[in-house]
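Every number in this text was worked out from the coordinates using simple rules, so none of it is lab data. The shown structure was predicted, so the numbers you read here are calculated from the model rather than taken from an experiment. Every residue, glycine as well, gets a Cβ built from its backbone with ideal geometry; the counts of neighbours run over all protein chains shown.
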Amino acid sequence: MNYIGYSVTFFVSWWLFLFMVLPIGVTTHSETDEEITDGIEVGSPVHANIKQKMLITSGITIVFMVLVTLIDYFDLISIK
């Protein structure tokens with residue numbers, strides 16, 4: 001696989017892992033005892049922690065890409 005294949009695999013994997021990580025640890029406004037004011041959706045998260053989730057997603061994707069690279073380098077799974 002060339003650098004374009006690795007780049008596409010990284011991009012698609014990153015988004016896939018992001019959507020898997022996003023719902024972890026989310027508390028919505030309806031689950032808390034706080035008073036809900038007008039204009040706030042009850043299903044929206046109290047603290048989204050997007051930066052932390054993006055860092056976790058990047059770490060998971062890097063580990064996944066190392067595994068993909070090792071599998072490709074040692075030709076453990078042949079797709080040809």
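Data table
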{"read-out": "Selection within segment 37-48 - part of a loop (DSSP other than H, G, I, E, B) and surrounded by 15 or more Cβ atoms within 10 Å (Cβ to Cβ)", "value": "none"}
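Per-residue answers, yes or no, for (1) in contact (Cβ under 8 Å) with a residue 24 or more places away in the chain; (2) part of a loop (DSSP other than H, G, I, E, B); (3) closer than 15 Å to residue 6 by Cβ:
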position	(1), (2), (3)
35	no, yes, no
59	no, no, no
67	no, no, yes
72	yes, no, yes
